[in-house]
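Undergrad: The structure is given below, and queries will be raised subsequently.
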Amino acid sequence: MTIRLASLIHDSIVDGEGLRSVVFTQGCPHNCPGCHNPETQPFDKGLVLDINRVIDEVLSRDLKKVTFSGGEPFVQPKACYEIAKVLKEHGYSLWSYTGFDFEVLMRLKDPYIKKFLSTLDILIDGRFILEERNLTILFRGSTNQRILDVPASLEVNSPIISSRFKD
């Protein structure tokens, strides 16, 4: 199985709590004005890699923390799930960004969306809104975005703000 990536980086301190690797997926349908990563929006750019190559690269760094970003990870949910599943088995903390709201993700029909969600600890959801841009809030670009506790949210089928990151 393959995944289309914009990049894979290590040692990020801005894409979630602690020192992390970041899987930047390629392709995003949201086209948010003021996007921080506009080069990740086209679906025909980036590199197509075997997911085992991505997994091996992440495991070789042993940072134990990974964030899926983009682009939009949830347009490649099966590949993201397969990567995340292996990392979770190795004890990794997993975060993801998405321009979709949690409520929308829960309504989408692709079964791999919920499977991918089930591997995550934290989800930062919501489109970036330029008019709500705020550089002082943790791990988000605009104030509409939420830091969700994914296991708690899945348990009640409703978004639960992470108590660790309440403003």
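Undergrad: Regarding segment 48-114, what are the three Cα extents along the principal axes, ordered largest first, in Å?
TA: Here the Cα extents, ordered largest to smallest, are 35, 23, 20 Å.
Undergrad: Right, next: Could you please state, rounded to a whole Å, how far the C-alpha centre of segment 1-65 is from the C-alpha centre of segment 143-167?
TA: 22
Undergrad: Beyond 20 Å, what share of the Cα-Cα pairs of segment 102-167 is found? Please give it as a whole percent.
TA: 29
Undergrad: Full extension from Lys166 to Lys78: what is 0.36 nm times the residue separation minus their Cα-Cα distance, to one decimal in nm? Numbers along the way, then the final one.
TA: On the way: separation 88, 0.36 × 88 = 31.68 nm, distance 3.04 nm.
Result: 28.6 nm gained on full extension.
Undergrad: Right, something else. Above 21 angstrom, tally the Cα pairs of segment 1-85 and express them as a % of all pairs, no decimals. Don't jump to the answer; show the numbers that get you there.
TA: Details: 852 of 3570 pairs.
Taking all Cα-Cα pairs of segment 1-85, the fraction more than 21 Å apart is 24 percent.
Undergrad: Taking θ as phi - 60°, what are the ³J(HN,Hα) couplings along segment 111-126 by the Karplus curve (6.51, -1.76, 1.60), each to the nearest whole Hz, with x for Gly and Pro?
TA: Values, residue by residue: x, 6, 5, 5, 5, 4, 3, 5, 8, 8, 8, 10, 10, 9, 10, x Hz.
Undergrad: Could you check what % of the DSSP bridge pairs in the chain are antiparallel, to the nearest 5?
TA: Taking every DSSP beta bridge with both residues in the chain, the antiparallel ones total about 60 percent.
Undergrad: Can you list the HN-Hα couplings for segment 58-69, worked out from phi with the Karplus curve (6.51, -1.76, 1.60; θ = phi - 60°), rounded to whole Hz and with x for Gly and Pro?
TA: Each residue of segment 58-69 in turn: 5, 5, 5, 8, 6, 7, 6, 9, 9, 10, 9, 9 Hz.
Undergrad: Evaluated at 25 °C with a viscosity of 0.890 mPa s, what Stokes-Einstein diffusion coefficient in µm²/s does the chain have when Rh comes from the Kirkwood expression over alpha-carbon pairs?
TA: So the translational diffusion coefficient is about 156 µm²/s.
Undergrad: Where does each of 114-120, 156-162 land if you order them by average Cβ count within 10 Å, highest first?
TA: Working: 114-120: 20.4, 156-162: 13.6.
With the highest mean Cβ count within 10 Å placed first, the list reads 114-120, 156-162.
Undergrad: Starting from the 7 Å offset along Cα-to-Cβ, what nm value, one decimal, do you get for the label separation of Ile137 and Asn157?
TA: Placing both labels 7 Å beyond Cα along the Cβ direction yields 2.8 nm.
Undergrad: Segment 64-148: Rg/Rh from Cα coordinates, Kirkwood Rh?
TA: Using only Cα positions, Rg/Rh for segment 64-148 is 0.98.
Undergrad: Rounded to the nearest percent, how much of the accessible area of the chain (1.4 Å probe, protein heavy atoms only) is carbon and sulfur?
TA: Ligands and nucleic acids excluded, carbon and sulfur give 52 percent.
Undergrad: Please give the per residue accessible area of the chain, computed with a probe of 1.4 Å over protein heavy atoms only, in Å². Mind showing how you got there, number by number?
TA: Details: 8300 Å² over 167 residues.
Value for the chain: 50 Å² per residue.
Undergrad: Relative contact order (percent) for segment 52-126, with alpha-carbon contacts under 8 angstrom and 6 or more residues of separation?
TA: Value for segment 52-126: 36 percent.
The values are calculated or read from the model by the stated rules, or taken from the named source; none is laboratory data. Everything numeric in this text was worked out from a predicted model, so none of it was measured. Cβ: placed from backbone, ideal geometry, glycine included. Neighbour counts: every protein chain shown. The accessibility values were calculated without ligands, DNA or RNA, using every heavy atom of the protein model including side chains. Shrake-Rupley method; radii C 1.70, N 1.55, O 1.52, S 1.80 Å.
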